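Single-structure report; data block below.
Read-outs throughout are calculated quantities, based only on the coordinates presented, and are distinct from any laboratory measurement. Not measured: the values here are computed from a predicted model. Counting neighbours? That spans all protein chains shown, and the Cβs are built from the backbone with ideal geometry, glycine included.
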Amino acid sequence: MSDRLSVTKTYKLYIGGKFPRSESGRSYPVSDAKGKFLANAAHASRKDVRDAVVAARKAFGGWSGATAYNRGQVLFRVAEVLEGRRDQFISEVSACEGVPAKKAESLVDAAIDRWVWYAGWTDKIATVLGAANPVAGPYFSFTVPEPTGVVGVLAPQQSSLLGLVSVLAPVLATGSTAVVVSSAERPLPAITLSEVLATSDVPGGVANILTGRAAELGSWLASHGDVNALDPTGAAVADRVELAKAAAGTVKRVLSVPAEEPDWTRQPDIARLRRYLEAKTVWHPLGV
Amino acid sequence: MPDSPFEYAPAPESRDIANLKPAYRPFIDGAFVDGKGEPLKTINPATEEVLAEVSTASKSDVDTAVKAARRAYEKTWGRMPGAERAKYIFRLARLIQERGRELAVLESLDNGKPIKESRDSDIPTAAAHFFYHAGWADKLDYAGYGPDPRPLGVAGQVIPWNFPLLMLAWKIAPALATGNTVVLKPAETTPLTALVFAELCQQADLPPGVVNILPGAGDIGAELVGHPDVNKIAFTGSTEVGKLIQRTVAGTPKKLTLELGGKAANVVFDDAPLDQAVEGIVNGIFFNQGHVCCAGSRLLVQESIVDEVLEKLRYRVSTLRIGDPLDKNTDVGAINSREQLTKIQELVDSGDTEGAQRWTSPCPIPERGFFFAPTVFSDVQQSMRIAREEIFGPVLSVLTFRTPEEAVTKANNTPYGLSAGIWTEKGSRILWMANQLRAGVVWANTFNRFDPAAPFGGYQESGFGREGGRTGLEAYLDV
């Protein structure tokens, strides 16, 4: 231990590739598992949600229009930069979640590996879910999966990094863009992940991460006319019915998620990828 | 109608073929029973005459039917080997074909659609859906959802009046193939073919309770949707009702798929084969009197050819024959109900008020029945109601564009996203447009093509989930 006074960090939001403070000027204290003050996190507001949705919509055309190979490259680059910041994530996860360094290490490693797994799906999911349709007529008919649009994600409250990666990466892998509300009590790894995203070729606006409370911000995401899908994982069970009702106003796709936060260390299947995809069927006559 | 040396002699189909009965009853647990609801009279929209009295379900009948479906799911259908289920579904497909002519005439009587459409499109495609899905019943392990995907249980299904038997087939065939049992509510104004389908279930010796048909109005649909022992809800109908259903199901473990409204853009470029395009436009909007959720109701024409397209279009539309649905020469039949006719009229009036140019086919219209002459609005602006709201009738709105980018922007300027059309000779442009358009089905140089092997369904407020193809199976599987 040196006597040097460390430089503490001001944690901000991540919207449109930039790191603004909350429009509301609010912040809230974040403590470690033992109650020791770690930092002040920006307390995102309704206006921040709206700004983030605007950014996500603006980024959707470019991100969904990029080739699957390109998206895979960009997402793999995220994994590379994550790996470089491994030690920082381990200490943040350890502090936030109150787990020993060894456990934090395995959670961070799993998160990085999970990101790599999803990065590899970008150029395979269309092969797996698409189809050439054998229609009864002189037509060429094929079905391709396409990203659904802007996805509102209420990130898991417990698992600050592995859980976050497990819900964010599938959104980005399909070509959708995301507005994420991070874990309220454990937001610091989310901000650090934002810094990773900002420095790893992910276009600004593709992923937007807000620190704040799902109970406050969830309803604005659920009712927003320009949000196409909602992942309520981080919402309190008691709030989910209202969120789902609000989402019905614009026929949003609402993920069916378990009441209890799942064990994120288990290897996922492609269910989360499937939920963010629309099947588009294209027809053309055959002839000479 | 322009002067023509050719006049068509009437070619009426015999209504006796429909085997119309004076009364029809709900089908619950393998038997036709008296419903405890208020009986309704279903009418022929082309003549306004009463066709039959239909006993409807009450709320307690919904519960009885769901219980029967649950029993059938647990005792027989859910545990039956897929290969056996397949044979039942093949039987249903064959029975629809065998009684195809009867069903077609009955459909046209009850719905008002031209016999040539019910005969050549609705009924054969309904049979095709049972054929297609029958084959899936013993191959679900290969559907891509992992080995041994499980059914959901009891499916509650609510279908609209525009394609009564076809929508029944879209709903029941995949539900049965995946091992679910069914309680289906047909539309209030078109219950008859669904109740004849119940006879087919008896002829196929389907175990009691596997399929239950409950005629009734919206309150019965709502009861079914809200029933706690239903595992899956499938709905086709208006976006407004779809939102209500999504709200009702919110927070429950029920799996939901919605097939809702649309306001499809049909985009015509200046290099399109115009005569074919005009046929496609006409088919896109006047098929089934425009009672089609994926109807091409917003025509986007490249500015340089709009006059030419409008001239050809008006001429072609003026040759459409409107009248008796049972006449084999009829192109456009009756609007399904007085209520629907009023809605169409109201939206058309708004087009006049908001300053669009209205052209209506000079074709003669029958004096009785609910008919609406094919209508084309030009000089339509994106802000007008006729460009934004689903009209669900034979009314086309024509807008213009200059560049492909503008066409895409205008086409996507809607909360709906069910279907779209593209007309151009340039292949690369077709594929680019197909990529850009936010719609579940894109028809290029054709329109209104359907096939059980091709997934169908919407983006955004046109609903979620797909029907048909491998993708459609997901709606009825626990995956």
### Task
Sum -39500 (n - 2.57) across every DSSP H segment of at least 4 residues in chain B, then divide by the residue count to get the 222 nm mean residue ellipticity, nearest 500.
-11500 deg cm²/dmol
### Query
What do you get when you divide the Cα radius of gyration of the range A:118-171 by 2.2 N^0.38 Å, with N the number of residues?
1.66
### Query
Do any GluC sites (Glu not before Pro) in the range B:1-96 lie in a loop, going by DSSP, with at most 16 other beta-carbon atoms within 10 Å of their beta carbon, and if so which?
B:E7, B:E48, B:E49
### Message
Using Cα springs under 10 Å in a Gaussian network model of chain A, which residue among A:L164, A:L107, A:L255 shows the largest mean-square fluctuation?
### Response
A:L255
### Query
Can you list the residues, at least 5 places off or on another chain, whose amide H is less than 5 Å from the amide H of B:L396, using H built in the peptide plane?
B:T375, B:V376, B:F377
#### Entry: Mean separation of Cα contacts under 8 Å, 6 or more apart, over the residue count of chain B: relative contact order %
18 percent
#### Entry: DSSP-assigned coil residues among trypsin sites (Lys or Arg not before Pro) in the range A:223-288, each with at most 10 further Cβ atoms within 10 Å
A:R266
### Bridge type composition, the protein assembly as shown - antiparallel percent by DSSP, nearest 5
35 percent
#### Entry: Two-decimal log10 I(q)/I(0) for the range B:381-446, as the Debye equation yields it once each C-alpha is a single scatterer, q = 0.14, 0.24, 0.28, 0.29 Å⁻¹
-0.43, -1.22, -1.46, -1.49
### Proximal lysines to A:K18, defined as alpha-carbon separation beneath 28 angstrom and excluding residues fewer than eight positions away on the same chain
A:K9, A:K47, A:K58, A:K252
### Summary
Highest GNM mean-square fluctuation among A:F19, A:F89, A:F60, for chain A with Cα springs under 10 Å, belongs to A:F19
### Task
Find the centroid of the Cα atoms in the range A:194-234 and in the range A:153-191, then give the distance between the two in whole Å.
8 Å
### Task
Of all alpha-carbon pairs in the range B:153-283, indicate the percentage at a distance above 17 angstrom.
61 percent
### Query
If you average 1/r over all unlike Cα pairs in the range A:1-66 and invert the result, what Kirkwood radius do you get in angstrom?
14.2 Å
### Query
Per residue Cα convex hull volume for chain A, in cubic angstrom?
139 Å³
### Summary
Hydrodynamic calc, the range A:178-224: Kirkwood Rh from Cα pairs, then Stokes-Einstein at 37 °C with viscosity 0.692 mPa s, so D in µm² s⁻¹ is 290 µm²/s
## Note on the structure
Dividing the surface of the Cα convex hull of the range B:273-405 by four yields a projected area in nm² of 8.2 nm²
### Query
Dividing the Cα radius of gyration by the Kirkwood radius, what Rg/Rh value follows for the range B:343-459?
1.00
### From the C-alpha gyration tensor of chain B, square roots of 5λ in Å
37, 26, 20
### Projected label distance in nm at B:D138 and B:K21, using a 7 Å step from Cα toward the beta-carbon
3.3 nm
### Message
Can you give me the long-range amide H partners of A:V180? Hydrogens built in the peptide plane at 1.01 Å from N, cutoff under 5 Å, separation of 5 or more residues or another chain.
### Response
A:V153, A:N208, A:I209, A:L210
### Message
Please compute one quarter of the surface area of the Cα convex hull for the protein assembly as shown and express it in square nanometres.
### Response
34.0 nm²
### Message
Checking understanding here: applying a Kyte-Doolittle mean of at least -0.5 and a length along the axis of at least 30 Å (C-alpha), which whole DSSP H helices in chain B pass?
### Response
none
#### Entry: Kirkwood hydrodynamic radius of the range B:42-159, from inverse mean 1/r over distinct Cα pairs, in Å
17.0 Å
### Message
Just to check I understand the Karplus step: with θ = phi - 60° and J = 6.51 cos²θ - 1.76 cosθ + 1.60, what whole-Hz values come out for the range B:211-216, glycine and proline as x?
### Response
10, 10, 10, 10, x, x
### Message
Under the rule of at least 5 residues apart or a separate chain, name every residue whose amide H is placed under 5 Å from the amide H of B:G35.
### Response
B:T56
#### Entry: Backbone HN-Hα couplings from phi across the range A:62-79 [Karplus 6.51/-1.76/1.60, Hz, Gly and Pro as x]
x, 5, 6, x, 5, 5, 4, 4, 4, 4, x, 4, 5, 5, 5, 4, 4, 4
### Query
Cα axis of helix A:188-198 to longest principal axis of chain A: angle in degrees, 0 to 90, nearest 10?
50 degrees
### Query
If you line up the long axis of helix A:162-174 against the longest principal axis of chain A, both from Cα atoms, how many degrees apart are they, to the nearest 10?
30 degrees
## Note on the structure
The alpha-carbon center of the range A:1-47 and that of the range B:342-371 are separated, in whole Å, by 62 Å
### Summary
Rg from C-alpha atoms of the range A:53-108, normalised by the globular rule of thumb 2.2 N^0.38 Å, equals 1.57
### Query
Taking the range A:40-127, which trypsin sites (Lys or Arg not before Pro) meet the DSSP loop condition and have no more than 16 other C-beta atoms within 10 Å?
A:K124
### Query
Just for the Cα atoms in the range A:222-288, what are the lengths along the principal axes, largest first, rounded to whole Å?
60, 33, 14
### Task
Report the dimensions of the range A:167-287 along its three principal axes from the alpha-carbon atoms, largest first, rounded to Å.
62, 37, 31
### Query
Setting aside same-chain residues fewer than 8 positions from B:K67, which lysines have a Cα under 16 Å from its Cα?
B:K59, B:K75, B:K185, B:K232
### Query
Which whole-number percent of Cα pairs in the range A:36-149 have a distance greater than 26 Å?
48 percent
